[in-house]
Amino acid sequence: MSTIVQDRYTDARARFQMLFETRQNRPGSQGSQVLEQYQRKAIGLLETVNFPTRRDEEWKYTSVNRLLQPDYEVGESLPLSKADIGPFLIPGLDCHLFVFVNGIFQESLSDTGSLPAGLTAMDIAGALADEQARPAAEAALNRLLDGKTDAFKLLNAAFSQHGLFIRAARNAAVEKPLYLLHLSASGDKASFHNHMNLVAAEPNSELSVIEGFFELPASEGAYFHNQYTYFHAGDNAHIHHYRLQREGREGFLVSNVEIEQEGGSTYASYALDLGGRLVRNNLRTRLNAPGTTTNYWGAYFAKGEQHIDNHTFIDHAVPHCVSNELYKGIITDRASGVFNGKVLVRKDAQKTNAFQQNNSLVLSDKASMDTKPELEIFADDVRCSHGATIGQLDEGAVFYLRSRGLPDAEARAMLQHAFLAEAAENMKLEAVRLYAEQLVHSKFGE
Amino acid sequence: MLKIKNLKVAIEEKEILRGINLEVKPGEVHAIMGPNGSGKSTLANVLAGREEYEVTEGSILYQGQDLLEMEVDERAQAGIFLAFQYPVEIPGVSTANFLKSTVNAVRKAQGREELNAAQMLRLLREKIRMVGMDEKLLQRSLNEGFSGGEKKRSEMLQMALLEPKLAILDETDSGLDIDALRIVSEAVNQLRSPDRAFIIVTHYQRLLNYIVPDFVHVLYNGRIVKSGDKSLALQLEEQGYDWIKEEADSVAAV
Ligand SMILES: Nc1ncnc2c1ncn2[C@@H]1O[C@H](COP(=O)(O)OP(=O)(O)OP(=O)(O)O)[C@@H](O)[C@H]1O
Ligand SMILES: [Mg+2]
């Protein structure tokens, strides 16, 4: 790897490096020598990578310029009560609740319950000191730092304060989902929040993880939440991963989710993106052994000046795997959306079934959507398909609804709801699905 | 109730309705017949407010108001209902939710109290029975994958729920089996009342055995070229349209 000279964002990088040094003396870092080493390594590696520019194919439609402009300080904890977080709890959902405010774990607001026998959830510092957890935690961190990395992942590794290590033990069907709730608020200065999850689902286990990202009501200014989540699905393990997101008007969210799947395992992503100033999701799965199923279900809805970018990747490296992907969304006002769905079917990945579809409604002249399916197929005995549509509402349907007495706005809202609902319908947990619908509903009302 | 005067309508520069005159009074049932492509659906859609059609001349008064000035939803709220020849399929909108929303939207617009969940359920059940529809369809997306007959019944259900003042049925009988035809006709007959009028577009005299019309009109080439009572429908059934076309064409040629 060569060291880079001409980086457009040299200043931004220097500010992050400086922030890291001052951060060292703050309380709240986990005080683990081993973790500290990883963090130092990460900030060191930051020197070797560039922040992406629009010249990078992967970032062609999303500029991080605005995201990197503020002079960030590391987010601080806020005195919140249980009542304050009420609106972000999912009604009727019995779960292990972990609450983070500005990237900092909130013991008093959390309700982790007593963890069942097959479930481990501890901070990464703890995992690195735990004989049973250490191998998996170390492997995940090494993978993150030694593999193909980028500036945001490195920042995450350097700054995450209360990263979580989660493990479903062999054969454990974890009954209650984990709900990892991330609340953000800007401080006097723009604030910077990082959180890392390392999740290991051991063979034959089953686990549901819900991630929620929301802005706290009183917050106004800029903040940047930088998330990294890694899943390892062991043989025949089943992972259900929900992501619900509604950041603030000046909220930036970058989320990197990486999954590796072993034989016969299932990973399903159910995502609802309601945007922020800029949201960039990278969702990447690598299939390591045959017989896996990978489902990506996504819904997005951008209004005002929002920008939502979903980049997904499924790497069919081995034969006999199935992937299904459906992303649907609405872009209106002056908002913009990006969908880039890459599916790579390598030479040996015979009998692959890979389906991908992206449908967007673009509802105003000033709104835009860039969609790019990227199917690269090097095997010959496969079934793959993809499709992308960008359209407006079906005026025939609008007329039909209005001819039954529904006012124009109501008719359009009903059709837009219906459009998004298809992607949310797949959510297995009823309570989460209803909550997601409620979030969508309130966005229509904004 | 409805006064159409010299109505001319074009779509994409092509004149389709070429001077329609029709008056419908409360309580009356008017049947409109006529060959394919003569403009029957066009007339129905213009009444419902479809915007692709351009009214180039003439006027429509509905309950003393200028109908052409009213929005599509205002018309529905004022009691106009069109049962479509080809109802659109709307994926993702549940039939039950749709029906509930329309009933309350119309009630609200009319200044009546909206129904609560229990009242709504009772109303839905009653009307479903009336049109002989399978209750399971309520859980499905609106019209999506409905059979031809199911779509027509769903239109009749909507009519029964919205209790319009002027109901226009565009070939609701097409594609119905004999039992369905009878049930739908009975539903219409139940709704017949001194203050409600119907315009029934059909190709078949058979329907008019069940729903006996006060007037029968023949629409040809964008004009009503003949009007009569129910016997006219019988005559058309026996003789077809040729004699009418000839008559009309010779008049037009003069
Ligand atoms: N949207 C449209 N664009 C172009 N032409 C149209 C459109 N709608 C109707 N027409 C034309 O207008 C004429 C009248 O059509 P209309 O559907 O009103 O006939 P109809 O009497 O209802 O016929 P049918 O008995 O077959 O239902 C036809 O020639 C038709 O092709
Ligand atoms: Mg027709």
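Buried accessible surface for the A/B chain pair comes to about 1800 Å², total over both chains, computed with a 1.4 Å probe. Near B:G79: Cβ cut-off under 10 Å, other residues only, Lys/Arg at +1 and Asp/Glu at -1. The net charge is +1. Rolling a 1.4 angstrom probe over the protein heavy atoms with all chains in place gives the range B:1-123 an accessible area of 46 Å² per residue. Couplings for the range B:65-71, taken from phi via the Karplus curve 6.51 cos²θ - 1.76 cosθ + 1.60 with θ = phi - 60°, read 9, 6, 4, 5, 8, 8, 5 Hz in order; Gly and Pro are left as x.
Please label the shape of chain A as rounded, prolate or oblate, based on the square roots a ≥ b ≥ c of the eigenvalues of the alpha-carbon gyration tensor (a/c under 1.5 means rounded; beyond that, a/b larger than b/c means prolate, else oblate). It comes out rounded by the Cα gyration axes.
State the percentage of accessible surface on the range A:180-244 attributable to carbon and sulfur atoms; use a 1.4 Å probe and exclude ligands, DNA and RNA. Roughly 44 percent of what the probe reaches on the range A:180-244 is carbon or sulfur. For A:I390, the residues 5 or more places off, or on other chains, whose built amide H falls under 5 Å of its own are A:S360.
When chain B is treated as a Gaussian network with alpha carbon springs shorter than 10 Å, the biggest mean-square fluctuation among B:A96, B:A160, B:A117 belongs to B:A117.
Residues of the range B:49-72 that bury at least 50 Å² of accessible area once all protein chains are present, compared with their chain alone (1.4 Å probe, heavy atoms only, ligands and nucleic acids left out), are B:R50, B:V72. Computed over the range A:68-139, relative contact order equals 22 percent, with contacts defined as Cα pairs under 8 Å that lie 6+ residues apart. To put it simply, the accessible area of the range A:53-113 at a 1.4 Å probe is 46 percent carbon and sulfur. In the full protein context, chain A carries 39 Å² of accessible surface per residue, based on a 1.4 Å probe and ignoring ligands, DNA and RNA. Computed from phi, the 3J(HN,Hα) profile of the range B:120-125 under the Karplus parametrisation 6.51, -1.76, 1.60 (θ = phi - 60°) reads 4, 4, 4, 4, 4, 4 Hz, with x in place of Gly and Pro. For the range B:118-218, what does the alpha-carbon gyration tensor say about shape, rounded, prolate or oblate, given a ≥ b ≥ c as the root eigenvalues, a/c under 1.5 as rounded, and a/b over b/c as prolate? Oblate shape, in that a/c is at least 1.5 and b/c is the bigger or equal ratio. Just the protein heavy atoms count here, and of the accessible area of the range A:348-446 at 1.4 Å, carbon and sulfur take up 49 percent. For A:K41, the lysines whose Cα falls under 24 Å of its own Cα, not counting residues fewer than eight places away in the same chain, are A:K148, A:K153. In the context of the full protein assembly, A:S336 retains an accessible surface of approximately 30 Å², using a probe radius of 1.4 Å and ignoring ligands and nucleic acids. Amide H to amide H, with H built 1.01 Å from N, A:T229 comes under 5 Å of A:N197, A:N256, A:V257, A:E258, counting only residues 5 or more places away or on other chains.
Whole-Hz Karplus values for the range A:414-425 come out as 4, 6, 5, 3, 4, 5, 6, 4, 4, 6, 7, 4 Hz, taken residue by residue from phi with 6.51 cos²θ - 1.76 cosθ + 1.60 and θ = phi - 60°; glycine and proline positions read x.
Each Cα pair under 8 Å and six or more residues apart adds its separation to the average, and for chain B the resulting relative contact order is 27 percent. For the range A:405-434, list whatever residues lose no less than 40 Å² of accessible surface once every protein chain is in place, relative to that chain by itself, with the probe at 1.4 Å. Hits at the 40 Å² cut-off: A:G405, A:L406, A:M414, A:A418.
Comparing mean-square fluctuations of A:A354, A:A397, A:A388 from a GNM of chain A with C-alpha springs under 10 Å, the top value falls on A:A397. Fully extending the segment from A:R334 to A:T112, taken as 0.36 nm per residue of separation minus the present Cα-Cα distance, adds 75.9 nm. When DSSP beta bridges are restricted to pairs lying wholly in the protein assembly as shown, around 20% turn out antiparallel.
Here's how it looks for B:I200: its modeled amide H is under 5 Å from those of B:H30, B:A31, B:I32, B:L169, which are all 5 or more places away or on a different chain. Counting only lysines at least 8 places from B:K226 when in the same chain, those with an alpha carbon closer than 20 Å to its own are B:K3, B:K5, B:K8, B:K25, B:K40, B:K245. For chain B, DSSP calls about 60 percent of its internal beta bridges antiparallel. The mean number of partner chain beta-carbon atoms within 10 angstrom of a residue's beta-carbon across peptide B:73-82 is 4.
Listed by chain and number, the aspartates and glutamates placed with their C-alpha closer than 16 angstrom to that of B:K127 are B:E135, B:E150, B:E155, B:E163, B:E186; residues fewer than eight positions away on the same chain are left out.
For B:K127, B:K165, the ranking by accessible surface with the largest value first comes to B:K165, B:K127, using a 1.4 Å probe. Pairs of Cα atoms nearer than 8 Å and 6+ residues apart set the relative contact order; for chain A it is 10 percent. Fully extending the segment from B:E186 to B:E126, taken as 0.36 nm per residue of separation minus the present Cα-Cα distance, adds 20.2 nm.
The values are calculated or read from the model by the stated rules, or taken from the named source; none is laboratory data. Keep in mind it's a predicted model, so treat the numbers as computed, not measured. Methodologically, a virtual Cβ is constructed for each residue, glycine included, from the backbone with ideal geometry; neighbour enumeration extends over all protein chains shown. Just so you know, the surface numbers come from the protein's heavy atoms only, side chains and all, with ligands and any DNA or RNA stripped out. Shrake-Rupley method; radii C 1.70, N 1.55, O 1.52, S 1.80 Å.
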